[in-house]
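Okay, so here's the structure we're looking at.
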Amino acid sequence: TLAPGTTVGNTLFVLDTTSGVNLDSSASIVSSMGTGSGTDNVAKVTLSTAVSSGDSLEIQLVGSTNPSVVATDTGTVTTTSDSVTASANYGITASTTVAPTVSLSSVALSGVSNYTISDIEAASAFLPGVASTPGQIGIFLPQGSVLPTSTSDYTITDLTNPGASGAPATVVADTSNSPYVGVDLTVSKSVAQNDQLQIVIDAVINPSSPGSNFTAKFFGLSSVNSAVVAPTVPTAATTYPNGAFVQSGGQIDVIAGGVGFGIPTFNDYQQIAASDSSSVVSGSFPTGTAVRTGTLLKVLGSPAIYVVGTNGDAYPFSTPTEFASDGYSAMSVVNVPSLGSLTVGSGAAPTAAVTMPDGALVQSGSTIYVYAGGKAFGIPTFADYQTIAAATGTQVVMGTVSNTAATSLTAGTLIQPIGSAGIWVSDGTSIYQFSTASQFASDGYNGANVVPVPNATGLTQA
């Protein structure tokens, strides 16, 4: 039960945060939404999948409308197995102007991309089948973009009233805002004024020339009529960083060196998660079968740590002293259920100067370099070296460094330039900056794997 005046949305997401299991497919919601009966602020969530006693759940009710009055309000929760009411206070503040955002599935020049326009609302009521000039919603993208004209390439989702969602009735090209390219949309279902919307456009062709701070313009939507076109930060389910938990169906894999190691039991998952704070993200498992050189592995139930050598074998370190003196960092060790198909190599483990793991410090000539994603970043000052060494806990090893001019990092590499609060992730071509700490966590990344680097100069930034 939420604050009086709240209208509960009927799009539902449920996560068992204890087990990491997504319960969306088993969840349904029943409430008096939209009836005007005075109980629009009450929702009953029913699960068809059992939840273990003591598990914590996270429930998201998407498209809910806040009360219109500024106040400190109270929400209450009960369950069928615990009828004692639990409550929590939260504040309702004065409304602010909605600021649209535009995210892209791909930022490749001339590439085909899906565009998602979020944080928008209907500036007036839209009636279905009403022809108007211009259309009810106008969308204008930067010069060089190509917008589709088929209605099947557009999805208008009404988060306030999902029943009003669907493809538009018409899509008409609009050249009135040159050099922008645009389309006018007419809805196929009634949309009320101030309904919260999201529009997804499939198969947009990106501009052929690079640029930054591209903007999109709109009409018929909220009072802010433009937005920066920003690339979507890829999740851990597509970049596969070390230590990520990726779930597909009922299986969870932990990622190490670009390969998924299947976790056979919930007990194993709990043991790995105890030292790995990554959130579980849904997606497809990586297709690679060769674990990257330099990957550090520790098998559950064994004290041994292994490094994957250039020949693909896993080499155990004989002592913690050998591990440290060979230039490896404990921050890069990934706990796995087993070595899988890896063969245990014979002989001494190769040093970090050979395997180039993330966080390794290698001195070549008079310069010390830090490795991240296969690229060697030269450290310009002693102060910078002290900062990086303190963060990685790595000892310097001697070696020959040649890969300093790389313009891309291995997919899943996390870096943070010294002096910057921003964290970036690589998709193998470009690097993307996370906008918030919550985005970083919810996208399945782990702060323990972030490598401090002197700068991001020369890397392609999305």
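Per residue, the chain exposes 47 Å² of solvent-accessible protein surface, assessed with a 1.4 angstrom probe and all protein chains in place. Antiparallel beta bridges, as assigned by DSSP with both residues in the chain, represent about 80 percent of the total such bridges. The H on the amide N of T413, modeled in the peptide plane, is under 5 Å from the matching H of S426, each at least 5 residues off or on a different chain. What are the residues whose amide H is under 5 Å from the amide H of A167, where those residues sit 5 or more places off or on another chain and H is modelled from the backbone? Residues meeting the amide H criterion: I156.
Across region 318-323, computed HN-Hα scalar couplings (Karplus, 6.51 cos²θ - 1.76 cosθ + 1.60, θ = phi - 60°) run 6, 8, x, 5, 4, 4 Hz from first to last residue, x flagging Gly and Pro.
Each Lys and Arg Cβ is given +1 and each Asp and Glu Cβ -1; about its Cα centre, the chain then shows a dipole of about 520 debye.
The spacing between region 363-409 and region 253-269, judged by their C-alpha centroids, is 30 Å.
Each residue of region 414-422 is assigned a 3J(HN,Hα), and the resulting list reads 10, 10, 9, x, 4, x, 10, 8, x Hz, derived from the Karplus form 6.51 cos²θ - 1.76 cosθ + 1.60 (θ = phi - 60°), x at Gly and Pro. With θ taken as phi - 60° and the Karplus curve 6.51 cos²θ - 1.76 cosθ + 1.60 applied, the whole-hertz 3J(HN,Hα) list for region 44-60 is 10, 9, 10, 10, 9, 10, 5, 10, 5, 4, x, 5, 9, 10, 10, 10, 10 Hz, x standing for glycine and proline. Taking the protein heavy atoms of region 135-256 in the context of the full set of protein chains, the accessible area attributed to carbon and sulfur is 51 percent at 1.4 Å. With helices as the sole contributors, the chain gives -2000 deg cm²/dmol at 222 nm; each DSSP H run of n ≥ 4 counts as -39500 (n - 2.57), and the sum is divided by every residue. Among the lysines, which fall within straight-line cross-link reach of K217, defined as a Cα-Cα distance under 29 Å, with same-chain neighbours fewer than 8 residues apart omitted? Counting by Cα, and skipping residues close in sequence, K217 has these lysines nearby: K189. Taking only protein heavy atoms and a 1.4 Å probe, the accessible area of region 324-462 is 52% carbon and sulfur. For the chain, the longest principal axis of the alpha carbon atoms and the long axis of helix 382-392 meet at an angle near 80°. In this structure the amide hydrogen of K44, modeled in the peptide plane, comes within under 5 Å of the amide hydrogens of V30, S31, none closer than 5 places in sequence on its chain.
The values are calculated or read from the model by the stated rules, or taken from the named source; none is laboratory data. All values reported here derive from a predicted model rather than from experimental measurement. Quick reminder, even Gly has a Cβ in these numbers, built from the backbone with ideal geometry, and neighbours come from all protein chains shown. Protein only, heavy atoms only, side chains kept; ligands, DNA and RNA dropped before computing areas. Shrake-Rupley method; radii C 1.70, N 1.55, O 1.52, S 1.80 Å.
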